[in-house]
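Here is the structure we will look at, set down as structure tokens.
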Amino acid sequence: MAERTLTWTLNKKTKSPLEIKEILPAGEKPISAYLMQNGYVCLTDKRIIIIDKTGAAGMKTSLFSLPYRSLDYWTCSAGESLISVYSELILHSQTITVKFNIHKTCDTDEINRILALYTN
């Protein structure tokens, strides 16, 4: 069981930010990116990168990198209800659990296809 859970909310799809492209090593490609309230998430062909900006005007920036090879499995509960417009994606590894609340404007099927393609 993972030691801790980190949670983020994906609000809408966006272009891969320049900030992500600048930190990727040669040969790694951004596949899809999503805006969060204070940052963004980028799925590359190697890993998931979360850039979380906090503080006044985003003065503090945290980078979280989760290589696909470290994932044991993931679960996704998609669909709307009367009380929620979010789906839930949970990534499980031996050391951490990462939870994404995904707004209905984001394509959960696309995210699942990316995970299926690159975690093999």
(request) For SER77, indicate whether it is of a type in the set (Gly, Ala, Ser), modelled with pLDDT under 95, in contact with an Asp or Glu (Cβ under 9 Å, 6 or more places away or on another chain) and over 24 Å from THR105 (Cα atoms). (result) no
(message) Taking the conditions exactly as written (among the hydroxyl-bearing types (Ser, Thr, Tyr) and modelled with pLDDT under 90), does SER70 satisfy them or not?
(response) no
(request) Would you be able to tell me the number of residues in the stretch 10-19 that are more than 19 Å from LEU89 (Cβ to Cβ) and either among the hydrophobic types (A, V, I, L, M, F, W, C) or exposed (fewer than 14 other Cβ atoms within 10 Å of the Cβ) (or both)? (result) 2
(message) Which condition from (1) surrounded by fewer than 15 Cβ atoms within 10 Å (Cβ to Cβ); (2) under 24 Å from HIS103 (Cβ atoms); (3) among the β-branched types (Val, Ile, Thr) is the one that ILE23 breaks?
(response) (2)
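The values are calculated or read from the model by the stated rules, or taken from the named source; none is laboratory data. Note that this is a predicted model, so its numbers are computed, not measured. Don't worry about glycine lacking a Cβ; one is built from the backbone with ideal geometry, like all the others, and counts go over all protein chains shown.
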